[in-house]
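The values are calculated or read from the model by the stated rules, or taken from the named source; none is laboratory data. Here the structure is a predicted model, which is why all the values come from computation and not from measurement. Note: ideal-geometry Cβ built from the backbone for every residue, glycine included; neighbour counts use all protein chains shown.
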């Protein structure tokens, strides 16, 4: 059974983010499963820190993007909006090149909060970071 209230096309979401930080970092929403959302982000000059490793802040942008986009597709957007409250990460491995893939799944979908777990992996399937994002569900 699908968790989504509204499952727009990945193309529509990527177009919506084109002129935002998400677009600037090259993040692309690539898939909605029944209970997950997947996105990719390049490891390049936009996402590296000065020592040539993937910037932890870029990883957090990917994680919060997955949670926020996912959260807002679970609720009725005529009545509610989901916004970030907290985001945490354990950075497990560095990346110097390639693409990072993130997969977000909700661990809690409540009336006033949502909690999303986001796992980030490199091209070889190795864990880059494990993240948790809490969203507030706000009435419009």
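Regarding residue 27, is this residue free of Cβ contacts under 8 Å to residues at least 40 places away in the same chain, crowded, with 17+ Cβ neighbours inside 10 Å and either more than 24 Å from residue 115 (Cβ to Cβ) or in contact with a strand residue (DSSP E or B) (Cβ under 7 Å, 6 or more places away or on another chain) (or both)? Explain how you work it out, then say what you get.
Details: free of Cβ contacts under 8 Å to residues at least 40 places away in the same chain: yes; crowded, with 17+ Cβ neighbours inside 10 Å: yes; either more than 24 Å from residue 115 (Cβ to Cβ) or in contact with a strand residue (DSSP E or B) (Cβ under 7 Å, 6 or more places away or on another chain) (or both): yes.
The answer is yes for residue 27.
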message: When you scan the stretch 97-119, do you find a residue that is surrounded by 13 or more Cβ atoms within 10 Å (Cβ to Cβ) and not in a strand (DSSP E or B), even just one?
response: yes
- request: Among the numbered conditions (1) surrounded by 12 or more Cβ atoms within 10 Å (Cβ to Cβ); (2) touching a strand residue (DSSP E or B) at 6+ places or on another chain (Cβ under 7 Å); (3) outside any strand (DSSP E or B), tell me where residue 46 comes up short.
  value: (2)
- prompt: Within the stretch 77-89, can one find any residue that is within 18 Å of residue 47 (Cα to Cα) and at pLDDT 95 or above?
  reply: yes
- prompt: Being free of Cβ contacts under 8 Å to residues at least 24 places away in the same chain and closer than 19 Å to residue 30 by Cα, is that true of even one residue in the stretch 96-113?
  reply: no
- prompt: Taking the stretch 1-24 as the region of interest, how many residues are part of a loop (DSSP other than H, G, I, E, B) and under 16 Å from residue 38 (Cβ atoms)?
  reply: 7
task: Please work out which residue is surrounded by the most Cβ atoms within 10 Å (Cβ to Cβ), limiting yourself to the stretch 58-88 and to residues that are over 16 Å from residue 136 (Cβ atoms) and touching a helix residue (DSSP H, G or I) at 6+ places or on another chain (Cβ under 7 Å).
output: 65
message: Whether any residue in the stretch 34-43 is loosely packed, with under 12 Cβ neighbours inside 10 Å and out of contact with any strand residue (DSSP E or B) (no Cβ under 7 Å at 6 or more places or on another chain) is what I want to check.
response: yes
